[in-house]
Amino acid sequence: MDKQPIKRVVIAGGGTAGWMAAAAFSKLLGKNLTVSLIESDDIPTVGVGEATIPTLHIFHRLLGINEQEFMAATNATFKLGIKFENWKAQGEDYIHSFGFLGQGCWAAGFQHFWLKGKQKGLVTQIGDYVPEHLACREGRFAVLANQEQNHAYHLDAGLYAQFLRKMAEQHGCKRIEGNIQAVNLNEESGDISSLSLASGELVEGDLFIDCTGFRALLIEQALHTGFEDWSHWLPCDSAVAVQTTAKPNPVPYTRSIARDAGWQWRIPLQNRTGNGLVFCSKYMSDEQAKAALLANVEGETLNEPRVIKYKTGTRRKHWNKNCIAVGLSSGFIEPLESTGIHLFQRAIVRLMLMFPSNGIEQADVDEFNTQSRADVEDIKDFIILHYHQTERTDTPFWRYCKSMPIPDTLTHRMELFAGTGKVFKKAEELFGETSWIQVMLGQGIMPKQYHPIVDMMSDDELQRFLDNIKKNVKRKVSNWPDVNDFIRHYCQTKIAN
Ligand SMILES: Cc1cc2nc3c(=O)[nH]c(=O)nc-3n(C[C@H](O)[C@H](O)[C@H](O)COP(=O)(O)OP(=O)(O)OC[C@H]3O[C@@H](n4cnc5c(N)ncnc54)[C@H](O)[C@@H]3O)c2cc1C
């Protein structure tokens, strides 16, 4: 049988994932395709995905999105990293910043030079050798044409979806308001042929993108693809979120504060602050979580706290038949390192690279699934590291995290670093050496050794080398203006002050 050419793309769901997919497909492939998106005003979006990572630039560049316009439209602020408070031990904190650590050599990364320097008493904290880290602490920021800046955003998820919707509709995406009541399958192939709406309308398509969030209406409820549960490694399964009035002069990083049975986020936008408590329902009830969150917010609350339930894990296949899951329908790791939107964009771009215009090839599907799987596996290990590598034993939750078995791949990374100071990034892995090093050190792993090539330098040379890097970082950052002055000027919207 001839393969069915793909001309009609139907996106089910209009949250962050749905509108990201709609904007990308209509703008970049819209001349060859009809793109429609179905969403229901009766079914709310999750709406709390508000912290991003620097890879969002790649997506925005692809879509020709102007940073100033986007930031003004979404009340965005700059994000240079995440501050982890109470994770290693109560009262201790560290920053996982974007950017790159000092300068290494062909044989050994910068951490080896820093490790010897530490043994000799020649260094200060590792973050003094990363511009973005220092800028987090000093509240400075600039977008400069001649300097590589690693930054991300805190944004209003609802406004971001609206911003992308406008772009998608301008490029021909048809929005259909309606509640999907049935997913109709082709009896012979088992492919999805159409979606039936409550209104009686039938929406037919060749390729369906499931962006229905945790419901996973197409990929799971209709196609029974299966889910791999990771909650034994990532036991938090609930979040409660609330918005508060903006704090004057917000910090350019997300705050992640470990609590008795999970952690709390604080995400500063221009006009308000997003707050949430991620928690494990085995150790904390919804009511306790609401009370714990409300006891730890600053400013006036702007809405009622809302509880969201989830399960960490991944869909066994992200592409099954003629359906691709993008967004929470494909699985969820958890928001600790703000990787959700990044994974959505990876799936969208990957689908474009493998777009089956002349009909679906199983080899494309298999490749897509292999790559998607690798993405989430590596991120999962990185997140587990934060929970497991802790000195905390003060609550049953932390005792569980500290003693739980972890994936062998993570054990290997931790042992390698602890024993030798070495860290290797996999080819397509999201988090690079600087990220792993900052979090492993921050969580309390101090390597026993450094690479012997460092001993080629005398102590004086090492001191000069380290001081020089630190001085350059300081000089660079001291030239950047105050981050909030910069936002006021750059985005031309009002920031609380
Ligand atoms: C607590 C929490 C915090 C998060 N924080 C971050 C973060 O900081 N950074 C980050 O990158 N990611 C984060 N995420 C992940 C993710 O970015 C957001 O949750 C994101 O908003 C989810 O988008 P979505 O489009 O997949 O799902 P949803 O927002 O749930 O959207 C689903 C859409 O499907 C529609 N729909 C569902 N059923 C039907 C139906 N029957 N008929 C018609 N339409 C239907 C709904 O109307 C809606 O439009 C977080 C997730 C959670 C749970």
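The values are calculated or read from the model by the stated rules, or taken from the named source; none is laboratory data. Since we're looking at a predicted model, the values are computed, not measured. Reconstructed Cβ throughout: ideal geometry from the backbone, glycine too, with neighbour counts over all protein chains shown. Please note that ligands, DNA and RNA were not included when accessible areas were found on the heavy atoms of the full protein model with its side chains. Shrake-Rupley method; radii C 1.70, N 1.55, O 1.52, S 1.80 Å.
Values as computed for the structure displayed
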quantity	calculated
Sparse-neighbourhood loop sites, GluC sites (Glu not before Pro) in the stretch 93-165 - DSSP loop, at most 16 other Cβ within 10 angstrom	Glu148
Alpha carbon centroid spacing (whole Å) that separates the stretch 334-374 from the stretch 205-258	17
Set of lysines near Lys166 by C-alpha distance (under 23 Å), chain-local residues within fewer than 8 positions excluded	Lys7, Lys27, Lys31, Lys174, Lys494
Whole-number Å³ per residue for the convex hull built on Cα positions in the stretch 254-294	54
Ellipticity estimate at 222 nm from DSSP helix runs (n ≥ 4, -39,500 (n - 2.57)) divided over the chain, nearest 500	-10500 deg cm²/dmol
The stretch 363-486 - convex hull of alpha carbons, volume per residue in Å³	215
More than 30 Å apart - percent of Cα-Cα pairs taken over the chain	50
For the chain, share of DSSP beta bridges that run antiparallel, in % to the nearest 5	70
Debye intensity ratio I(q)/I(0), log10, the stretch 218-359, q values 0.11, 0.13, 0.15, 0.20 Å⁻¹ (C-alpha model)	-0.51, -0.68, -0.84, -1.16
Added length on full extension, which subtracts the Cα-Cα distance from 0.36 nm per residue, Arg316 to Ser357	12.3 nm
Accessible area (Å², 1.4 Å probe, nearest 10) - Met352	40
Accessible area of Asp455 in the full protein assembly, 1.4 Å probe (Å², nearest 10)	80
Exposure rule at most 13 other beta-carbon atoms within 10 Å, DSSP loop chymotrypsin sites (Phe, Trp or Tyr not before Pro): the chain longest free segment	107-423
Neighbourhood charge, 13 Å Cβ-Cβ cut-off, centred on Leu159 and excluding it, Lys, Arg +1 and Asp, Glu -1	0
For the stretch 443-477 and the stretch 72-112, distance of Cα centres in Å	17
In the stretch 184-228, GluC sites (Glu not before Pro) in a DSSP loop with at most 15 other beta-carbon atoms within 10 Å	Glu187, Glu188, Glu201
Pairs of lysines in the stretch 251-319 (C-alpha under 18 Å apart; 8 or more residues apart or interchain)	4
The stretch 267-329-the stretch 14-34 distance, computed between alpha-carbon centres (Å)	26
Largest-first principal axis extents, alpha carbons of the stretch 238-309, Å	37, 22, 19
